[in-house]
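Let me begin by presenting the structure, written as structure tokens, before commenting on it.
Please treat every number below as a calculation from the coordinates, not as lab data. Everything numeric here is computed off the predicted structure, so don't read it as measured data. With ideal geometry, Cβ positions are generated from the backbone for all residues, glycine too; neighbour counts draw on all protein chains shown.
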């Protein structure tokens, strides 16, 4: 449908509702009723057009045209209601600005209006103020959001020079109705008073705003929950391109960039298609949410994908296809707008050089110092790299790789012209090119330059060259990761791991000294950088175990790049085991010497251990900030140091793990003094041997004091109160957790009572060490954090937890279900998406000789542990240890269980019953 055809249909629809040859005024009530009917009718038709596949630009333009019709009709009604004397003096231009001005109105967009007066005075009479108030009341009664202002032309220009936001909003001001004198005056004065002579300043401020906004929204378009308006590559970036084009070329039509050779025709088509797709996405978001919404949340992605016509059977596949197209669109806008901005910037530098080049000897001397440098068929100028001629890659295809070595060594960027030439030369990157010796040696040299690899790899990826040269990485481009703790797409996550590695090469930073020293000592940086490039390559195959698939791909790459011997072994080890250290540290009992021994047997050498630690740091930090919490880092460091000690002297390590109790007891007695002799004896007699492994005398002494407090309470309080647990809190703020230590008589479903109280307060359990003394007294230590992954320092939260636990102890029956349900927030549509995450409940009887381990990877929810502990307790089993990991939607837990006699579960019927009860608790 053409614009003219739509306008005719709109006029015909308006005449059907409002009638022909109407005499104004017809009355406020009647006009309002007809406007509501007309708006409802047209909105319904536009929504149908959208759902039938209407483009984003088309739908926004249709809504803008409908709003224009209503704006003009209501203005006629209001003007007709005025006294003729007032009407004759009226000289107001009703102007659309902002998104409405550019005729881009999504379903939830504001109606942005300026009532513009000629001249420099914004004073209006009482009659005019009433007119505007009555006029706006129509829109409020129709439930429309209106942004408005009444200003003179002079004030509009003044505000434009004071506020960049106002300047860009009024730059696209569009006359709607009223008298045209004011808008004509504004147009004649705007360029003279707001733009001429300020172009360079305007461009600089736009670039600063762009950088600031990108930083605020993650610095990449590939975030998990993007902001379609303000995020990188979003609608604001397209609008920014329009504004900069106006400042540079004096036109609001960005297609003129093609005529001025600032953009290729293919580049313009990319931008058009991307912009239309993002607008279509935003329109659907508004329709789905029934309000203005710019954040494409995880919950919303499934609805939008389905409503936009993605027909994959599984919702995760729908989301993946939709989001991949979204990320591609934002990437195109980001890339093409950056290309245009760079051309503007280089043009400004040349213009400035031309203007100032003859002013003085000093300026000429400075110009000489910055003279272009020629080498290898390239020209370095203005911190950019240019090609001497367009055929340099045809004569020597290896230059396609060397160009990146040059940008790395000289810290240059690709010029827009070189960028375009290289993309046009991609057909040269074929199978033989990937096996070329010179090319692979250059690639290795780039990856061996510690501290400046990520920047170059981003250049390669932005160009599209990295994926062409290494297809294993190329398959990750814009790939959505369904593990919900990943904040970025697979390619962006991989590049961020390189960022984290490069940072270790910088100046010393607090808390990073261990990783920095290990990275500085690293003999094979190329292998570590390459391992990070490939560690998630298997995700593109949608395999259950992506690490195994990634290892196969890494093996293929090592053959292609001729990586042999020990270097190949290290590469394959790192890719295959990139999750080993993280999983071991967060899901196993690190106080168990056998765990350390098994981990050391896999790692084998200190070089492998050091490299794996640095890789684990980079991988976790590149996933999201929350993935490298203080508690997790402390656990990984503990695993590293224990393994290092084991490797140095396995026999000594095992002996230290089994330090004679006499030595420990001496240290505890020194801490407590002789008055605790009886309690110390009982503690060392009845506590299990594993309790004393790697535990300092001062910590043991604190536990004995807590036992004394419990027994004192038992003697002094009434019967029921005396049985209540004693609870103490210790904060580890730097590690991001608090430790809750509970002492009491052992009793049925003890852990359910404690976990239920914590869940009711929205407190997460990170891990638990659970001990039962031979005299039937328990010592349970829970490491907990709040929803922000920080220590639980709130006194009121602690007091409520303690009160809930005591209440559960005093009651014959307890049920935290209602309290947890009240705290739990239901998210519509979230369950449908999360139900497709690979979930499992595995009963593992192989990992430990004396304990059965329940391994869970399930959708997390508030109260999950409470449900699991209740299920285990009802079967009469004891929980001896637990490692809990919860990452933004997914719980990865290991729970160690024994029967009531302290033995491993062995009977098949018992194991099957446990499996059934846990699955019922988890999956309902």
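From the Cα gyration tensor of segment 3-184, with a ≥ b ≥ c the square roots of its eigenvalues, which class applies: rounded if a/c is under 1.5, or else prolate if a/b is larger than b/c, or else oblate?
Details: a/c = 2.11, a/b = 1.22, b/c = 1.74.
Oblate shape, in that a/c is at least 1.5 and b/c is the bigger or equal ratio.
In whole percent, what relative contact order does segment 77-174 give with Cα contacts below 8 Å and a gap of six or more residues? The partial results should precede the final answer.
On the way: 126 pairs, mean separation 35.1, N = 98.
Once normalised by length, the contact order is 36 percent.
Per 5 Å bin, what percent of the C-alpha pairs of segment 659-706 does each bin hold, from zero upward?
4, 23, 42, 25, 5, 0
How far is helix 265-289 tilted off the main Cα axis of the chain, in degrees rounded to 10, range 0 to 90?
70
Give me the compactness ratio for segment 459-649, meaning the Cα radius of gyration over 2.2 N^0.38 Å. Before the final figure, lay out the partial values.
On the way: Rg = 16.2 Å, N = 191, 2.2 N^0.38 = 16.2 Å.
So the Cα radius of gyration is 1.00 times the expected 2.2 N^0.38 Å.
Compute the separation of the alpha-carbon centres of segment 1-68 and segment 183-226 and state it in Å as a whole number.
Segment 1-68 and segment 183-226 have Cα centres separated by 33 Å.
Let me understand segment 717-923 better: what is its radius of gyration from the alpha carbons, and its Dmax, in angstrom?
Cα only, segment 717-923: 16.8, 52 Å (Rg, Dmax).
Between helix 28-51 and the chain, what is the angle of the helix's C-alpha long axis to the longest principal axis, kept within 0 to 90° and rounded to the nearest 10?
Approximately 60 degrees, to the nearest 10.
Per residue Cα convex hull volume for segment 547-601, in cubic angstrom? Display every interim value, and only then the final one.
Values: hull volume 3.9 nm³, N = 55.
Enclosed volume per residue, from the Cα hull, is 70 Å³.
Could you work out how far the C-alpha centroid of segment 433-507 sits from that of segment 88-103, in angstrom?
50
Would you mind calculating the relative contact order of the chain from Cα pairs under 8 angstrom and at least 6 residues apart, reporting the percent as a whole number? Can you show the working numbers first?
Values: 1315 pairs, mean separation 64.2, N = 924.
RCO, the chain: 7 percent.
So what is the relative contact order of segment 201-356, in percent, for Cα pairs below 8 Å that sit 6 or more residues apart? Can you show the working numbers first?
Numbers: 154 pairs, mean separation 42.7, N = 156.
The normalised contact order for segment 201-356 reaches 27 percent.
Could you work out, for segment 115-238, what percent of all Cα-Cα pairs fall into each 10 Å distance bin, beginning at 0 Å and stopping at the bin that holds the largest distance?
Each 10 Å bin holds this share of Cα pairs: 11, 31, 29, 22, 6, 0.
How do the peptides 442-452, 557-567 rank, highest first, by the average count of neighbouring beta carbon atoms within 10 Å per residue?
442-452, 557-567
Mind ordering 288-295, 607-614, 533-540 by average Cβ neighbours within 10 Å, highest first?
Ranked from most to least packed, the peptides come out as 533-540, 607-614, 288-295.
Antiparallel versus total DSSP beta bridges in the chain: what percent is that, nearest 5?
Bridges in the chain that DSSP calls antiparallel: roughly 90 percent.
How big is D for the chain, in µm² s⁻¹ as a whole number, if Stokes-Einstein is applied with the Kirkwood radius of its Cα pairs at 20 °C and 1.002 mPa s?
In µm²/s, the coefficient is 66.
Mind jotting down the distance between the C-alpha centroids of segment 725-795 and segment 231-297, whole Å?
52
Can you tell me the orientation of helix 437-447 relative to the chain, as the angle in degrees between its alpha-carbon axis and the longest Cα principal axis, to the nearest 10?
The angle comes out near 80 degrees.
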